[in-house]
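A.B. asks: Sharing a structure below in structure tokens format, with a few things to ask.
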Amino acid sequence: MVNTRSHPHRAERRISTLVLVAILSALFGAGVQRTFTSLSAVSNSEEIGRSGFDVKKNALAVIAARQNATIHGLESALTLLTQEKVARRGEKRQSRYVDDGPTEEKVDVTKIKNQREEECEYNFGAGLVAQYRKSKETWCQGLEANLECYSKRLEYNPGKTGIFCVGKNIVIDFAKVHGERQTKKQARGANSYLTFTDSATSADCKRTKHWNSGILMKHMSAQLRNFPAAAYKNYDEDRKGTTYLMARDEDCENMFHSTADFLNAFLVGQVLNLDWHQVHLLLWDRHPDGPFFDLIQRSYSKKQQIYRPQNFGSKKVRFEHLIFHLESPASIIFPKVAGPKGIMRCFRSSLWLGYKDHILASFGLLHIQPPNNPKILLSVRRRTPAKNVGRVFADEKQLTSVLNKGQAMQFEVIDFGSISFAQQLEKVRRTNILIGAHGAGLMHTIFLAEEAILLEIHPSYRLDRHFRLAARMAGKIYLPMRSMQPVSCSGTSDAIPIDSKQFESVLDAALRIARAFDDGIAECGLSCDLRLLALDPGASVPPGTKPLTTRFPCR
């Protein structure tokens, strides 16, 4: 008997024969099976050699005679057999493991991504930039003037469309630009937004088939009412270069809502390849300058004066290039975009990271050495006569007493509302643990040290995802804590009581993580054995402290 392990090709011929028997049996009946039983014995003998193929052909002829089979069916079977033999002659033996996993030929290590990462980047990163760029349509066309718009249906905000437009040689009649348009929040007064009389904005162009005022966002819809109207042939001033019209969110004193505007402006800049050194920014609202005016100046109008409508009096001004802002509701920062399959499934965004770098570079804080020991900022909210803020800590001293227990760490208590944005950024960039109750100041998470933790304290009555998203998209660690005690109230302001033992436990966890940042090796939390701290050259320990012995003790 032939050892088929020593003769793999003979084993394959045996398998091929059995397959052929099965096929022909199905076609021509049981007689085929009986004939091929004897044929198989011949095929497996050592004598078959190269004549095996001829034996099979003769056997097929016998079968045809016995079964009265059609010539066509036999020719098909013979053709398959011939193809099998030819293929076997030229085949190359392959490893049986070839499809069990990735190989060097299959994987490009420079392009390793999973499906979720690709989807997130497409919807909330570079892919979103490309989608806006590809969407460009000419809405109004003339010889010297036009209006081109870029739009994107917001899958993460069904029924809404994000849109911004770029105009060439657009004329604004500032005599038709007024105040006194109501906001949704009446407490802010009636003068937060601008009102535009019909034909306040015009151009020497005609609407095209793409014109669709129904998808314009709130402020742009008012700005372009009755556009293009009658073009002003006689204008008072001709502004060269690029001017950006920024109509800010009605909560523009709030860092979270302001970030919606600033991240959108960064997105527009990416789509249009803007050089922010060459852009004149026009604040297209009646809000006060607010706490982020220096951010706008340094990041979006780097070398140019920021303008207000009143800078132009009642003039008719023609703008060579005019950009209408992508308004805040279209921003990707809002957690409402995070349905079951929304943005909260993502763990990074090139747009968020690019925005972070853009702002930090504008303030000269992009490349900062991380702290040697954990640096903690405790963000507090304090009531003032001007603003009865909520979510203040019921006992701030209780928290600082826990922080005072820490070894080889620094902490600072800060009210972001009491210092300028530039000062805030300077402190935050050198921090790797930010602690605070849910509030807009936690948006600083974006600008923390490269390795950092956000410890967000939620009151008992709500659990928001705003800053969980910010931490996630900026590559930071999110560590939540919930106070289970009922809040106390002072008018519309609430005070959050904190369980000091719970806070100490969560803080200990945060410190254990933070001590591992930047190649740290002190595996301890709030309280540390000095011998363990002494293992880390970057840790601060009393002189003469001997490090823990790390030699293997068993011999």
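A.B. asks: Please list, ordered by residue number, the strands (runs of 3 or more DSSP E) wholly in segment 235-325 having 1 or more residues that are among the hydroxyl-bearing types (Ser, Thr, Tyr).
C.D. replies: Details: elements: 237-246, 279-283, 316-324.
Where strands (runs of 3 or more DSSP E) fall fully within segment 235-325 and carry at least 1 residues being among the hydroxyl-bearing types (Ser, Thr, Tyr), they are 237-246.
A.B. asks: Applying the selection to segment 239-257, what residues are out of contact with any helix residue (DSSP H, G or I) (no Cβ under 8 Å at 6 or more places or on another chain) and modelled with pLDDT of 95 or more?
C.D. replies: Selection gives ARG239, LYS240, THR243.
A.B. asks: Can you work out which of the residues in segment 217-234 that are closer than 21 Å to ILE323 by Cβ and surrounded by fewer than 20 Cβ atoms within 10 Å (Cβ to Cβ) is modelled with the lowest pLDDT? First the steps, then the outcome.
C.D. replies: Going through segment 217-234, the residues closer than 21 Å to ILE323 by Cβ turn out to be 217-229, 231-232.
Narrowing further to those that are surrounded by fewer than 20 Cβ atoms within 10 Å (Cβ to Cβ): 218, 221-222, 225-226, 229, 231-232.
Working: LYS218: 87, SER221: 91, ALA222: 89, ARG225: 86, ASN226: 88, ALA229: 79, ALA231: 65, TYR232: 69.
This residue is ALA231.
A.B. asks: Among the candidates LEU548, LEU532, LEU463, single out the residue that is in contact with a Cys (Cβ under 6 Å, 6 or more places away or on another chain) and more than 18 Å from LYS375 (Cα to Cα). Steps first, answer last, please.
C.D. replies: On the way: LEU548 fails: in contact with a Cys (Cβ under 6 Å, 6 or more places away or on another chain); LEU463 fails: in contact with a Cys (Cβ under 6 Å, 6 or more places away or on another chain).
After ruling out the rest, the residue left standing is LEU532.
A.B. asks: Which of the numbered conditions does GLU456 fail, given that it passes all the others? Conditions: (1) more than 24 Å from the chain's Cα centre (by Cα); (2) outside any loop (DSSP other than H, G, I, E, B).
C.D. replies: (1)
A.B. asks: Another question about this same structure. Could you go through segment 464-483 and let me know if any residue there is farther than 30 Å from ARG348 by Cβ, in the same structural domain as LEU403 (by TED's automatic domain parsing), touching a residue at least 60 places away in the same chain (Cβ under 8 Å) and not polar (S, T, N, Q).
C.D. replies: no
A.B. asks: How do the pairs read when you match residues in segment 484-498 that are surrounded by 12 or more Cβ atoms within 10 Å (Cβ to Cβ) with residues anywhere that are small (Gly, Ala, Ser) and modelled with pLDDT of 85 or more, using Cβ under 7 Å and keeping only pairs 6 or more apart or on different chains?
C.D. replies: GLN485/SER460; PRO486/SER460; VAL487/SER460; ILE496/ALA437; ILE496/SER483; PRO497/SER483; ILE498/SER483
A.B. asks: Here's something else I'd like to know. If you scan segment 418-451, which residues turn out to be assigned to a loop (DSSP other than H, G, I, E, B) and in contact (Cβ under 8 Å) with a residue 60 or more places away in the chain?
C.D. replies: SER420, ARG429, ARG430, THR431, ASN432, GLY439, ALA449, GLU450, GLU451
A.B. asks: Give ASN273, ASN264 a once-over and let me know the one that is at positive phi and either buried (at least 21 other Cβ atoms within 10 Å of the Cβ) or within 26 Å of the chain's Cα centre (by Cα) (or both).
C.D. replies: The unique qualifying residue is ASN273.
A.B. asks: For segment 223-274, what are the residues that are of a type in the set (Asp, Glu) and farther than 27 Å from LYS134 by Cα? Give the steps one after another, and end with the answer.
C.D. replies: Pass one, segment 223-274, residues of a type in the set (Asp, Glu): 236-238, 249-251, 253, 261.
If the condition is that a residue be of a type in the set (Asp, Glu) and farther than 27 Å from LYS134 by Cα, then ASP236, GLU237, ASP238, GLU250, ASP251, GLU253 are the ones that fit.
Listed here are the residues, each with its yes/no results for (1) surrounded by 18 or more Cβ atoms within 10 Å (Cβ to Cβ); (2) over 28 Å from SER258 (Cβ atoms); (3) touching a Pro at 6+ places or on another chain (Cβ under 6 Å).
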site: THR400; (1), (2), (3): no, yes, no
site: LEU403; (1), (2), (3): yes, yes, no
site: GLN407; (1), (2), (3): yes, yes, no
site: PHE411; (1), (2), (3): yes, no, no
site: LEU463; (1), (2), (3): no, no, no
site: ALA471; (1), (2), (3): yes, no, no
site: ALA509; (1), (2), (3): no, yes, no
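A.B. asks: Here is a further query. Pull up segment 509-523, narrow it to residues that are in a loop (DSSP other than H, G, I, E, B) and within 18 Å of LEU454 (Cβ to Cβ), then point me to the one that is nearest to the chain's Cα centre (by Cα). Break it down stepwise before answering.
C.D. replies: To start, the set of residues in segment 509-523 that are in a loop (DSSP other than H, G, I, E, B) comprises 515-516, 520-523.
Imposing the further condition that a residue be within 18 Å of LEU454 (Cβ to Cβ) reduces the set to 515-516.
Working: ARG515: 27, ALA516: 26 Å.
Result: ALA516.
A.B. asks: Moving to a separate point now. Out of segment 244-259, which residues are over 19 Å from PHE416 (Cα atoms) and surrounded by 20 or more Cβ atoms within 10 Å (Cβ to Cβ)?
C.D. replies: TYR244, LEU245, MET246, ALA247, ARG248, ASP249
A.B. asks: Among what's in segment 153-178 and is outside any strand (DSSP E or B) and among the basic types (Lys, Arg), pick the residue that is farthest from TYR307 (Cα to Cα).
C.D. replies: The residue in question is LYS160.
A.B. asks: Among the residues of segment 174-216, which ones are in contact with a strand residue (DSSP E or B) (Cβ under 6 Å, 6 or more places away or on another chain) and at pLDDT 90 or above?
C.D. replies: Matches in segment 174-216: VAL177, ALA200, THR201, SER202, ALA203, CYS205, ARG207, THR208, HIS210, TRP211, ILE215.
The rows are residues; the columns are (1) surrounded by fewer than 20 Cβ atoms within 10 Å (Cβ to Cβ); (2) in contact (Cβ under 8 Å) with a residue 40 or more places away in the chain.
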| residue | (1), (2) |
| --- | --- |
| LEU283 | no, no |
| ASP289 | yes, no |
| ILE296 | no, yes |
| SER299 | no, yes |
| ARG308 | yes, no |
| PHE319 | no, yes |
| PRO335 | yes, yes |
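A.B. asks: Are any of the residues in segment 363-375 in the same structural domain as PRO480 (by TED's automatic domain parsing), at pLDDT 95 or above and buried (at least 19 other Cβ atoms within 10 Å of the Cβ)?
C.D. replies: yes
A.B. asks: Moving on to the next point. Kindly list the number of the only condition in (1) at pLDDT 75 or above; (2) under 18 Å from the mean Cα position of the chain (by Cα) that fails for ILE112.
C.D. replies: Just one mismatch for ILE112, condition (1).
The values are calculated or read from the model by the stated rules, or taken from the named source; none is laboratory data. Remember, predicted model here, so these are calculated numbers, not experimental data. Cβ coordinates were reconstructed from backbone atoms using ideal geometry, including for glycine residues, and neighbour counts include every protein chain displayed.
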